[in-house]
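Just so it is clear, none of the values below were taken in a lab; they were calculated from the coordinates. The shown structure was predicted, so the numbers you read here are calculated from the model rather than taken from an experiment. Methodologically, a virtual Cβ is constructed for each residue, glycine included, from the backbone with ideal geometry; neighbour enumeration extends over all protein chains shown.
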Amino acid sequence: MDPLKVYQYSNPGRLIFGPGALAELKKEFNVKDKPLIITDEGVARAGILKKVTDLLIEAGIRYELFDRVAADPSIEVFEEAAACYRQRGCTSLIALGGGSSIDVAKGVAIRATHEGTIKEYASGKPVEGVLPWICAIPTTAGTGSEATAVAVVFDPETKVKMVLKNSAVVPRVALLDPLLLASVPPKVAADTGADALAHAIESYLSLAGHMITDAIALSAIKMIMGNLPKFVANPQDVAAAGQMHLASCMAGLCFANVGLGLAHALAHPAGVYFHASHGLSCALYLPGVMEFNAPACPEKFVAIAEAAGRDVRGLSAEKAATEAIDAVRDLFAKVGLPRTLSEMGVEFRLEPKMVDDAFTSPPAKSNPRKAEPEQIAALFASVK
Ligand code: NAD
């Protein structure tokens, strides 16, 4: 951290966490409200939607439902959900699900009250006035979207995952209930856990990082390293699920403030072109990007190795950095994440646009070491 530079930190909305936190939902709404629940079919099938609607019915709160969110939601899904909000006269939003559902709710908050298109807002069109408020109920431990001012919007026409950023969309309250993670399939648990770890590590290494985010990010790294294998093996382990839920949220509030790095810059186009989930795309690139970044800030890698539980006493910073990267690779192997595209049965093909998109993306700007386009191309190819 540069003592002569100006930094900033914003807090997210209210965070309520712990087993049974979902019950607080009844206190957040009153009978005059009519929230639109935004969710997806998987969350409904897991019985989580019913838990939410039962609580609303008990409290006499009317609600409407949009349950057609798809993973990596496209512009069309955002607009469809916003039309549903307007047509049914809703007053607020319940974002129930993983990052995909929470992101759609954020876009709906804007489009429900603002003319134009979601694409225009994702391109920076300003938002004026008050938006409908959002209660976020995350059901994956990964994106941290409940604590961020960001929504990822996929534009199928340009094949770009656009990042809508606006402080007005930060959920007013988030209910982080580890009991809702009990049904997360192992693959989703591993992928989303890798996303959370990438957020924690990349925000810790970010050029905009400072004492507040560093402290939170290192704690999140420690919590994820210690709990992800237990959580993937048994999502009903309430203690491990609770630690993962909280760590993912903590990592979210770090990157919401100080940005990310190259692993995310590569993960967005990789997700689009290789059809990998966002978390898995992050897992593919995080270790190689750490190797690329280590020479730029070796002392930070010592702290990552320590947070990962490695004994680095007496080691040079370079050797400690290798320990940190090994710890990440070992963790990913333990939870069954593939190391290469060929392990996933995906053929590697590098489109020039992938390099352009990664090179010009905001996460590349906060990465601790500048990467030229040919270095980005080499990183893409490193996981063939
Ligand atoms: P997701 O929301 O797409 O959900 C993945 C799958 O898991 C879905 O099929 C869903 O039905 C299922 N699922 C979710 N919770 C479950 C549960 N408790 N039990 C059973 N099944 C469950 O996955 P995600 O990784 O949470 O979100 C990915 C999206 O979030 C991507 O679009 C990514 O770009 C975006 N993202 C946003 C931010 C942000 O700050 N806004 C940050 C990172 C990623």
Practice problem: Sum -39500 (n - 2.57) across every DSSP H segment of at least 4 residues in the chain, then divide by the residue count to get the 222 nm mean residue ellipticity, nearest 500. | Solution: -16000 deg cm²/dmol
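Dividing the convex hull volume of the Cα atoms of the chain by its residue count, what figure in Å³ per residue is obtained?
That works out to 128 Å³ per residue.
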Self-check item: Descending semi-axes in whole angstrom, ellipsoid equivalent of region 1-56, from the Cα gyration tensor
Solution: 35, 16, 12
Quiz prompt | Highest-fluctuation residue, G252, G193, G13 considered, GNM on the chain with Cα pairs under 10 Å | solution = G13
Practice problem: Per residue of region 256-265, in order, report the coupling 6.51 cos²θ - 1.76 cosθ + 1.60 (Karplus, θ = phi - 60°) as ³J(HN,Hα) in whole Hz, putting x for Gly and Pro. | Solution: 4, 8, 10, x, 10, x, 5, 4, 6, 4
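Quick check on my link table: of K106/K222; K106/K165; K32/K125; K26/K51, which ones sit more than 21 Å apart, alpha carbon to alpha carbon?
K106/K222; K32/K125
Pull up the DSSP beta bridges for region 14-180 and report the antiparallel fraction as a percent, rounded to 5.
25
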Quiz item: Using θ = phi - 60° and the Karplus form 6.51 cos²θ - 1.76 cosθ + 1.60, what ³J(HN,Hα) does each residue of region 90-95 get, whole Hz, x for Gly and Pro?
Solution: 7, 10, 6, 10, 10, 9
Quiz item: So how do T113, T148 line up by other beta-carbon neighbours within 10 Å, fewest first?
Solution: T113, T148
Quiz item: Where a Cα-Cα gap under 15 Å defines reach, which aspartates and glutamates qualify for K27, not counting those fewer than 8 residues away within the same chain?
Solution: D54, E58
Quiz item: What do the square roots of 5 times the Cα gyration tensor eigenvalues come to for region 307-357, in whole Å, largest first, as semi-axes of the equivalent ellipsoid?
Solution: 31, 16, 8
Quiz prompt | Share of Cα-Cα pairs in region 184-381 lying beyond 31 Å, as whole percent | solution = 11
Quiz item: Which lysines, on any chain, are close to K319 with Cα under 19 Å apart, when same-chain ones fewer than 8 places away are left out?
Solution: K300
Quiz item: Can you give the translational diffusion coefficient of region 14-180 in µm²/s, computed by Stokes-Einstein from the Kirkwood radius over Cα pairs at 10 °C and 1.306 mPa s?
Solution: 102
Practice problem: Enumerate the aspartates and glutamates that K353 could reach by cross-link, defined here as Cα to Cα under 17 Å, with residues fewer than 8 away along the same chain left out. | Solution: D155, E157, E372, E374
Quiz item: So, how do all the Cα-to-Cα distances of region 230-296 break down into 10 Å bins, in percent, from 0 on up?
Solution: 19, 35, 38, 7, 0
Quiz item: Volume per residue, Å³, of the convex hull around the alpha-carbon atoms of region 146-191?
Solution: 107
Exercise. Quick one: grab the alpha carbon gyration tensor of region 18-85, order the square roots of its eigenvalues as a ≥ b ≥ c, and give me rounded if a/c is under 1.5, else prolate or oblate depending on whether a/b is larger than b/c.
Key: oblate
